[in-house]
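Chemist: After the structure tokens below, expect a handful of questions from me.
The values are calculated or read from the model by the stated rules, or taken from the named source; none is laboratory data. This is a predicted model, so every value here is computed, not measured. All Cβ positions, glycine included, derive from the backbone under ideal geometry; neighbour counts span all protein chains shown. Areas reflect the complete protein model, heavy atoms only, side chains present, ligands, DNA and RNA absent. Shrake-Rupley method; radii C 1.70, N 1.55, O 1.52, S 1.80 Å.
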Amino acid sequence: MIIKLPHVDPIDTLALTDDFEDRVKESFAKFTELTHEDYTHNDKLMYLDNIRKYWLHKDIDGISAVKDLIIERVEFHLSEYGELPNVDDYNCLEFMGSCYDKGKHIDFSGEYENSSSRNNETLKVIARIIQIVMNWEG
């Protein structure tokens, strides 16, 4: 898998280069260069959150998530009741809550639910990136 860290070339998690750690440090240093040192921990958490939201799941966006939820609901309603759902089903608090929950629960392991060795290697690299960033002293 390719992880796109800010300000450096993408990293292939299955073919790490010798300068992997240096590239992660360079990426984070550039990410945080304009931030006062008192806020470094905020930057660390924001950096990791951005990786989780954007660089790992670049194809997930709010519009696609809502479309997927609508399709799931229509398919369920058709199979259970043999008819299309009422449009009011989408103008309700429950549906909006489902959309919000789906958007906020993007996690590191979401794409890697099976336990293949390729996925395990990718998760190890992600864990190393987290460790490097959290231990970074600029």
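Chemist: Computed FRET efficiency, Cβ-Cβ of R128 and S98, R0 35 Å: what is it to the nearest 0.05?
Modeler: Result of the calculation: an efficiency of 0.55.
Chemist: What is the extension gain from D88 to E33, computed as 0.36 nm multiplied by their sequence separation minus the C-alpha to C-alpha distance, in nm to one decimal? It would help to have the intermediate numbers written out before the result.
Modeler: Working: separation 55, 0.36 × 55 = 19.80 nm, distance 4.88 nm.
Extra length from D88 to E33 when fully extended: 14.9 nm.
Chemist: For T35, what accessible surface area do you get with a 1.4 Å probe? Give it in Å², rounded to 10.
Modeler: 50 Å²
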